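The values are calculated or read from the model by the stated rules, or taken from the named source; none is laboratory data. Just so we're clear, the structure is a prediction, and the values are computed from it rather than from any experiment. Every residue, glycine as well, gets a Cβ built from its backbone with ideal geometry; the counts of neighbours run over all protein chains shown. Accessible surface is based on the protein model in full, side chains and every heavy atom, while ligands, DNA and RNA are left aside. Shrake-Rupley method; radii C 1.70, N 1.55, O 1.52, S 1.80 Å.
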Amino acid sequence: MADRVTVIGCDGSPLTDAARSALAAATFVAGAAHHLALPEVPPAAERVRLGSVDLAARRIAGHRGSAVVLADGDPGFFGVVRTLRAPQHGLEVEVVPAVSAVAAAFARAGMPWDDAQVVVAHSRDLRRAVNVCRAHPKVAVLTSPGAGPAELALLLGDVHRTFVICEELGTEREQVTVLTSDKAPDHHWRDPNVVIVIGGSGAGGGWIAGRDPGYPPAVRGWALPADAYGSDLGEGEAPELRAAQLARLGPRVGDLVWDIGSGCGAAAVEAARFGAAVIAVDRDPDACARTTAVARRYGVQLQVVHGTAPQVLEDLPEPDVVRVGGGGPPVVAAAAARRPERIVAHAATRDDAEAVGRALAEGGYGVECTLLQAVELDPAAWTERERSVAFLLSGRRTHL
């Protein structure tokens, strides 16, 4: 194993004294081509192009001497340090950090970034990064080949955002471009780059980096009652049923939730408050307007689509989980055809519940059904105020 392993971050500024000292003593240097061309790299040192970090780590583990790994930005922030310290390599490293690409990008844009989400985009799972951009008003995306600004914009589709694209930060070819997301696919962008995605409302400083769960407004609790949404709850929107539906869906950051038959928007807004991206669908224009207003009131980002399911679902991006608030078995079957991980629906009668259950099972889902009964009491007289009964059906995707 190397006697000493130093990881040095490079951000275009002159190397620090600590970095120069480590390089001067190095007998093994790994980095990109522009790193290995630095004049501070000792001529006699073994030089390795840093393509696979795992391969470089194995080479370092078998090297006797002082090893240096050069990396862009802060190597401890979505960088090589995690891989080098992985248990299978057993490397103990010293780190000389630099300004991260994300910090540099926001500095170039003249914007604060304590309220930003930061994600890494890869071609194999770009949709997760896209869903974060749908759900949050300020996101920094560290891109990769095949998952750059153009691909990001294409998957965002009708969700328009402002892009601040920072190419080759810290080099002589550095360039910062500001444009709307619909224009991004018309250009060729150089790697590496960072895309700051801005849109909607709700960003603001707080006491926690990334996303202040109390901003805006400070709301405690889930499955809020009707008065929290300023309207009467429709059939299938009772707080107790909604709580059970959200528990089975488990929406989270990076997910896309379809809420079909969104009604007053209660379920859609609460899924968005978990950090998920949400598309709320309803055939009633008044329901769409209510959902938009409630989302604005609670400071969450979601997309509202006016249309009749299942036809309107054909052009929507792939969901991770789906709540079917209306439409019955045909809508459940259409949702199942898109293979989300989970689907929840409800029914008022056993016959309807059996029909929905068949649609889920035929679509390749394991089916669970629970009869939920909630009785609201008047605590002054302890008499019954309201009663609601519903069949809750949930489907988990099988391997079929």
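Taking residues in segment 159-170 that are without any contact (Cβ under 8 Å) to a residue 60 or more places away in the chain, and partners anywhere that are basic (Lys, Arg), the pairs with Cβ atoms closer than 9 Å and at least 6 places apart or on different chains are Arg161/Arg134; Phe163/Lys183; Val164/Arg108; Glu167/Arg173; Glu167/Arg190; Glu168/Arg190. For segment 120-131, the criterion of being in contact with a Cys (Cβ under 7 Å, 6 or more places away or on another chain) and either polar (S, T, N, Q) or crowded, with 22+ Cβ neighbours inside 10 Å (or both) is satisfied by no residue at all. Looking only at segment 314-336, residues that are open to solvent by 20 Å² or more (accessible area, probe 1.4 Å) and of a type in the set (Lys, Arg) come to 0 in all. Looking across segment 138-159, the residues that are more than 26 Å from Ala209 (Cβ to Cβ) and assigned to a loop (DSSP other than H, G, I, E, B) come down to Pro145, Gly146, Gly157, Asp158. Among the residues of this structure, Val332 counts as one that is within 20 Å of Gly263 (Cβ to Cβ) and either assigned to a helix (DSSP H, G or I) or not basic (Lys, Arg) (or both).
In the set (1) among the hydroxyl-bearing types (Ser, Thr, Tyr); (2) open to solvent by less than 30 Å² (accessible area, probe 1.4 Å); (3) in contact (Cβ under 8 Å) with a residue 40 or more places away in the chain; (4) in contact with a His (Cβ under 8 Å, 6 or more places away or on another chain), the condition left unmet by Ser181 is number (3). Whenever a residue of segment 120-137 is over 19 Å from Phe77 (Cβ atoms) and assigned to a strand (DSSP E or B), it has no partner that is open to solvent by 40 Å² or more (accessible area, probe 1.4 Å) and among the small types (Gly, Ala, Ser) lying with C-beta atoms less than 9 angstrom away and at least six residues away or across chains. Kindly indicate whether Ala289 is aliphatic (A, V, I, L, M) and in contact (Cβ under 8 Å) with a residue 12 or more places away in the chain. Against the criterion (aliphatic (A, V, I, L, M) and in contact (Cβ under 8 Å) with a residue 12 or more places away in the chain), Ala289 does not qualify.
Of the candidates Leu233, Leu224, Leu241, the single residue that is of a type outside the set (Lys, Arg), open to solvent by less than 50 Å² (accessible area, probe 1.4 Å), at pLDDT below 85 and over 21 Å from the mean Cα position of the chain (by Cα) is Leu233.
Considering segment 1-96, the qualifying helices (runs of 4 or more DSSP H), each wholly inside and each with 3 or more residues that are open to solvent by 50 Å² or more (accessible area, probe 1.4 Å), run over 17-24, 53-61.
Return yes or no: is Val257 within 23 Å of Arg220 (Cβ to Cβ) and β-branched (Val, Ile, Thr)? Let's see the steps before the verdict.
Details: within 23 Å of Arg220 (Cβ to Cβ): yes; β-branched (Val, Ile, Thr): yes.
Here the answer is yes, as Val257 does meet what is asked.
Looking at His35, His63, can you tell me which residue is of a type outside the set (Ser, Thr, Tyr) and without any contact (Cβ under 8 Å) to a residue 40 or more places away in the chain? Break it down stepwise before answering.
Details: His63 fails: without any contact (Cβ under 8 Å) to a residue 40 or more places away in the chain.
Matching residue, one of His35, His63: His35.
Here Ala209 clears all of (1) open to solvent by less than 70 Å² (accessible area, probe 1.4 Å); (2) modelled with pLDDT under 90; (3) within 16 Å of the chain's Cα centre (by Cα) except the condition numbered (1). So is Leu152 modelled with pLDDT under 95, crowded, with 20+ Cβ neighbours inside 10 Å and within 22 Å of Gly79 (Cα to Cα) or not? No: the conditions fail for Leu152. On the stretch given as segment 350-381, residues that are at pLDDT 95 or above and not in a strand (DSSP E or B) total 15. Within segment 335-349, being of a type in the set (A, V, I, L, M) and either in a loop (DSSP other than H, G, I, E, B) or touching an Asp or Glu at 6+ places or on another chain (Cβ under 6 Å) (or both) holds for one residue alone: Ala348. Kindly check whether there is at least one residue in segment 108-115 that is touching a Gly at 6+ places or on another chain (Cβ under 9 Å), buried (at least 20 other Cβ atoms within 10 Å of the Cβ) and not in a helix (DSSP H, G or I). Among the residues of segment 108-115, at least one is touching a Gly at 6+ places or on another chain (Cβ under 9 Å), buried (at least 20 other Cβ atoms within 10 Å of the Cβ) and not in a helix (DSSP H, G or I), which makes the answer yes. Pairs linking a residue in segment 93-112 that is closer than 23 Å to Gly199 by Cα to a residue that is acidic (Asp, Glu) and in a strand (DSSP E or B), with Cβ atoms under 7 Å and 6 or more positions apart or on different chains, are Ala101/Asp72.
Gln311 satisfies every condition listed in (1) in contact with a strand residue (DSSP E or B) (Cβ under 9 Å, 6 or more places away or on another chain); (2) open to solvent by 50 Å² or more (accessible area, probe 1.4 Å) except (1).
Annotation note: Cβ proximity below 9 Å between a residue of segment 350-371 that is at positive phi and a residue that is β-branched (Val, Ile, Thr) (sequence gap 6+ or interchain) occurs for Gly364/Thr398.
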